[in-house]
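So the structure is just underneath, and the comments pick up after that.
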Ligand SMILES: NC(=O)c1ccc[n+]([C@@H]2O[C@H](COP(=O)([O-])OP(=O)(O)OC[C@H]3O[C@@H](n4cnc5c(N)ncnc54)[C@H](OP(=O)(O)O)[C@@H]3O)[C@@H](O)[C@H]2O)c1
């Protein structure tokens, strides 16, 4: 006797908050959760023309404690509770051709505020709601930069590495509350923001235009959907015995 999975229904009744869901990988995650029947709130500073229209959009800056508290309050009010939190907002706005010592203090602060503290603060703010959920899943989005660090991006690499370690600590701590905590770690993925940064990087460092593709054994950069599919697995009941894992979605980049 075989039972067929219906992926269009697996998130029915689930309430989700996705940070940075206005575009790029986050927008694909939002769309994937919506396709599975979830009710979804998106948090970012500005709605874009690719922000999935079926989601509720909340504007705010996740780099500040006040911004996070306001987003959490509005999201919980809109959803009436929470089952799935995806801490996806992140990135690096600058790199340093002068090496790690040339990264200004404010860039370190910015990298940690966006890539680590936003997730820590938002998780803390919604924990009571996740504890009340019968199917709580938290997914944090890291980067292969955490384990393939470069001095030019030392601030970003270090912030993502901290996010990964924080996630493992949380997974162990929250298991008894039935809250699963996992990490999805993309390699190079085609998004407008990352494409622009990679182009500036290869230009300024004198690298070939396809330097990032050359790192990927599968021979192409990823799509946002490649990442969203694995987030969906971890957020769904299909991943119900998964906690504390880090799934690298990188075309084999880190297998080298
Ligand atoms: N694309 C890649 O190659 C790649 C590789 C490895 C890891 N990642 C990680 O995957 C995640 C998504 O990357 P992406 O390429 O999809 O990024 P993206 O296209 O630049 O989108 C970033 C999202 O985060 C939001 N955001 C940025 N700063 C914010 C702030 N201060 N407050 C609230 N929202 C903010 C953006 O909206 P607003 O700007 O309007 O706020 C947008 O929705 C990030 O954590 C990134 O580090 C990406």
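Read-outs: derived from the displayed coordinates by stated rules, not from any lab. Everything numeric in this text was worked out from a predicted model, so none of it was measured. Neighbour counts are summed over all protein chains in view; Cβ atoms, including those assigned to glycine, are modelled from backbone coordinates with ideal geometry.
Once you sort the root eigenvalues of the Cα gyration tensor of region 125-168 as a ≥ b ≥ c, which label holds: rounded (a/c under 1.5), prolate (a/b larger than b/c) or oblate (the other case)? Prolate.
With the highest mean first, a sort of the peptides 174-186, 40-52, 79-91 on other beta-carbon atoms found within 10 angstrom per residue produces 79-91, 174-186, 40-52. Under 18 Å from a label point 7 Å along Cα→Cβ of residue 242: give me every residue in region 107-136 with its amide N that close. Flagged as within label range: 135-136. In region 164-234, the C-alpha radius of gyration followed by the widest Cα-Cα span (Dmax) gives 16.4, 51 angstrom. Working ranking of peptides 246-254, 225-233 by packing, defined as the average number of other Cβ atoms within 10 Å per residue, highest first, is 225-233, 246-254. Taking a temperature of 20 °C and a viscosity of 1.002 mPa s, what whole-number D in µm²/s does Stokes-Einstein yield for region 17-88 with Rh from Kirkwood over alpha carbon pairs? The calculation lands on 182 µm²/s. Remark: the residue 177-residue 124 segment gains 17.7 nm on full extension, using 0.36 nm per residue and subtracting the alpha carbon distance.
Contact order for the chain, expressed relative to its length and based on alpha carbon pairs under 8 Å spaced 6+ residues apart, stands at 19 percent. Calculation over all alpha carbon pairs of region 106-194 in 5 angstrom steps from 0 returns a P(r) of 3, 14, 22, 23, 17, 11, 8, 3, 0 percent. By the equivalent-ellipsoid construction on the alpha carbon gyration tensor, region 1-149 comes out with semi-axes of 29, 18, 15 Å, ordered largest to smallest. By the helix-only formula, in which each DSSP H run with n ≥ 4 contributes -39500 (n - 2.57) and the sum is divided by residues, the chain has a 222 nm mean residue ellipticity of -12500 deg cm²/dmol. List the residues of region 91-106 whose backbone N lies under 14 Å from a point placed 7 Å from the Cα of residue 200 along the Cα-to-Cβ direction. Answer for region 91-106: 91-98, 104. Considering all different alpha carbon pairs of the chain, the Kirkwood hydrodynamic radius works out to 18.4 Å.
For the chain, the longest principal axis of the C-alpha atoms and the axis of helix 154-174 are separated by about 20°. When only alpha carbons are used to place a centre, region 177-256 and region 100-136 end up 19 Å from one another.
Here region 77-138 has an Rg and Dmax of 16.1, 49 Å, counting Cα atoms alone. For region 109-256, the spread of Cα positions along the three principal axes, ordered from largest to smallest, is 52, 33, 25 Å. Once both labels are positioned 7 Å from their Cα atoms along Cα-to-Cβ, the gap between residue 190 and residue 6 label points is 3.4 nm.
Applying 0.36 nm per residue to the separation of residue 101 and residue 53 and subtracting their alpha-carbon distance, the gain on full extension is 13.0 nm.
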